[in-house]
1. In this structure, is R39 exposed (fewer than 15 other Cβ atoms within 10 Å of the Cβ), assigned by TED's automatic domain parsing to the domain that holds P23 and of a type in the set (K, R)?
2. Is at least one residue of the range 52-70 free of Cβ contacts under 8 Å to residues at least 24 places away in the same chain and within 30 Å of S12 (Cβ to Cβ)?
3. Give just the number: which of (1) out of contact with any strand residue (DSSP E or B) (no Cβ under 9 Å at 6 or more places or on another chain); (2) in a loop (DSSP other than H, G, I, E, B) does W24 not satisfy?
4. What tally of residues in the range 48-98 results from selecting those that are loosely packed, with under 13 Cβ neighbours inside 10 Å, within 22 Å of the chain's Cα centre (by Cα) and modelled with pLDDT under 90?
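The values are calculated or read from the model by the stated rules, or taken from the named source; none is laboratory data. Here the structure is a predicted model, which is why all the values come from computation and not from measurement. Don't worry about glycine lacking a Cβ; one is built from the backbone with ideal geometry, like all the others, and counts go over all protein chains shown.
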Amino acid sequence: MHIGPRNDYTVSNIVTCDGHKLPWSNEIRYLGTYIVQSRQFKCSLDYAKKSFFRSLNAIFGKIGRNASEEVILELIRSKCIPILIYGLECFALTKEVI
């Protein structure tokens, strides 16, 4: 993966000692944060949003309308919000990322 002004140039694959080719990728996952190929350092929030809604739907699927609003909000605050905000301090948020 390339980050910088030459990010869109094509280069040959890296070959290991065994003869296996390592293909280039458009994004990588590092410590749960997805870094995207770009001119500047960018991270993707798509996977975090998907995981957030997956956990939100799991909570609603288990409790449905049986719990009070306070219990539902506390479950969301304690289980779902940390999934969404994990790693946000490592990069600057822009309008296009959100």
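1. Values: exposed (fewer than 15 other Cβ atoms within 10 Å of the Cβ): yes; assigned by TED's automatic domain parsing to the domain that holds P23: yes; of a type in the set (K, R): yes.
Against the criterion (exposed (fewer than 15 other Cβ atoms within 10 Å of the Cβ), assigned by TED's automatic domain parsing to the domain that holds P23 and of a type in the set (K, R)), R39 qualifies.
2. No: the range 52-70 contains no residue that is free of Cβ contacts under 8 Å to residues at least 24 places away in the same chain and within 30 Å of S12 (Cβ to Cβ).
3. Condition not satisfied by W24: (1).
4. Count: 9.
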